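The values are calculated or read from the model by the stated rules, or taken from the named source; none is laboratory data. Remember, it's a predicted structure, so these values are computed and weren't measured experimentally. These accessible areas exclude ligands, DNA and RNA; they are computed on the full protein's heavy atoms, side chains included. Shrake-Rupley method; radii C 1.70, N 1.55, O 1.52, S 1.80 Å.
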Amino acid sequence: PYAKQVIGICLGAGHTAEFDQWFGGEGWPGGNGGDWCGESVRRFRLWLRDKYDDDVEKLRQAWGDPNVTFENAEIKGYKLPVDPVTSFNDARGNQAIYDYGLYRSAQTMETIQAWCKSIKHASDGRMITGAHWAVGDGGCQLMNTSPWIDFGGGPGTYFNRRPGGHRRLDFIGEDLRRNGKWFFEEMDIRTKFY
């Protein structure tokens with residue numbers, strides 16, 4: 001009897017509800033997240049064909065592997081090594097890992113959009129739809145332009161959460177607002193009682 005009082009659904013996934021945790025981490029090959037099943041590998045190879053214009057030489061040059069093809073390309077892992085000098089991810093020589101990260105981000109956002117579209121259709125467009133995802137995840141363009149997604153949510157930062165810390169709203173929230181979407185910020189600043 002209360003169904004009409006629900007105005008929307010916020011999708012979540014993974015053990016934290018943030019879509020960046022969708023694939024988990026512990027227990028996967030290498031312990032670094034990802035989906036190594038046969039169907040995932042097949043779809044990743046199709047994605048590579050599209051990215052590299054079905055040109056195996058482009059793929060080989062980018063991956064630095066003279067033997068890789070669209071038929072034998074494997075998922076090398078998800079986490080890029082960190083440059084010890086800058087503390088930034090180091091994509092040099094790790095294009096295969098970087099490509100999987102791009103593929104995974106696109107897959108996640110396409111799934112969010114498909115689920116939001118289903119909710120819109122099931123509610124005859126009445127419900128608002130969105131998802132909880134983490135800081136800096138890929139797919140922002142799709143989030144901003146999709147007619148099926150009304151909002152996004154997540155923490156503004158994982159840093160400065162100690163007493164006296166501050167919120168740095170330095171990611172997707174402002175971009176969503178500029179595109180006419182809503183942003184729900186996860187406020188979990190630690191207090192002196194933490």
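So Gln95 ticks every box in (1) at pLDDT below 90; (2) on the phi < 0 side of the Ramachandran plot; (3) polar (S, T, N, Q) but one. Which box is left unticked?
Condition not satisfied by Gln95: (1).
Hey, could you check the range 71-113 for residues that are of a type in the set (A, V, I, L, M) and open to solvent by 50 Å² or more (accessible area, probe 1.4 Å) and say which is nearest to Pro147 (Cα to Cα)?
Leu102
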